[in-house]
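Enquirer: Structure in structure tokens, see below.
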Amino acid sequence: MHYVVHCLDHDGAIDLRLSHYDAHKAYLAAAAVKTVISGPLLADDEATMIGSCFVLEAANLGEVVAFNSNDPFAKAGLWKTVSIRPFAKRVDNR
């Protein structure tokens, strides 16, 4: 099953994000949950990182919740909001 994880950072948290960025990337690379696609959400200036978006593949919602909770960004308190939803992928034009 696929899941979409949508996270918005606390306001003005770019320094916190950048200080945990390498640990976050290493965590994604080593995780048992498969990352289908991921990247930062951007402000209207199309440059400033303000959140994170993931499409993950996992056996169940519990795996995704645990994966997200253990992310260095989550542990650092970066995200103001987190939404995790099952996702029925219909089209993949890669």
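Every number here is computed from the coordinates shown, using simple stated rules; none is lab data. Just so we're clear, the structure is a prediction, and the values are computed from it rather than from any experiment. Every residue, glycine among them, receives a Cβ derived from its backbone with ideal geometry; neighbour counts consider all protein chains shown.
Enquirer: Can you say whether residue 64 is under 16 Å from residue 7 (Cα atoms) and either in a strand (DSSP E or B) or not hydroxyl-bearing (Ser, Thr, Tyr) (or both), as far as the supplied structure shows?
Expert: yes
Enquirer: Consider residue 29 against the criteria (1) more than 13 Å from the chain's Cα centre (by Cα); (2) free of Cβ contacts under 8 Å to residues at least 24 places away in the same chain; (3) at negative phi; (4) surrounded by fewer than 11 Cβ atoms within 10 Å (Cβ to Cβ): it satisfies all of them except one. Which criterion is unmet?
Expert: Only one criterion is unmet by residue 29, namely (1).
Enquirer: A further question follows. Do you know which residues across segment 1-22 are within 13 Å of the chain's Cα centre (by Cα) and among the aliphatic types (A, V, I, L, M)?
Expert: Result: 4, 5, 8.
Enquirer: Taking segment 55-83, which residues are surrounded by fewer than 18 Cβ atoms within 10 Å (Cβ to Cβ) and not aliphatic (A, V, I, L, M)?
Expert: Once the filter is applied, which keeps residues that are surrounded by fewer than 18 Cβ atoms within 10 Å (Cβ to Cβ) and not aliphatic (A, V, I, L, M), segment 55-83 yields 57, 60, 62, 63, 69, 70, 72, 75, 77, 80, 81, 83.
Enquirer: Now, a different point. May I ask you to say which residue of 12, 39 is farther than 12 Å from residue 68 by Cα, out of contact with any strand residue (DSSP E or B) (no Cβ under 9 Å at 6 or more places or on another chain) and among the small types (Gly, Ala, Ser)?
Expert: Of 12, 39, the one residue that is farther than 12 Å from residue 68 by Cα, out of contact with any strand residue (DSSP E or B) (no Cβ under 9 Å at 6 or more places or on another chain) and among the small types (Gly, Ala, Ser) is 12.
Enquirer: Which ones in segment 1-26 are in a loop (DSSP other than H, G, I, E, B) and either surrounded by fewer than 17 Cβ atoms within 10 Å (Cβ to Cβ) or of a type in the set (Phe, Trp, Tyr) (or both)?
Expert: 1, 10, 11, 12
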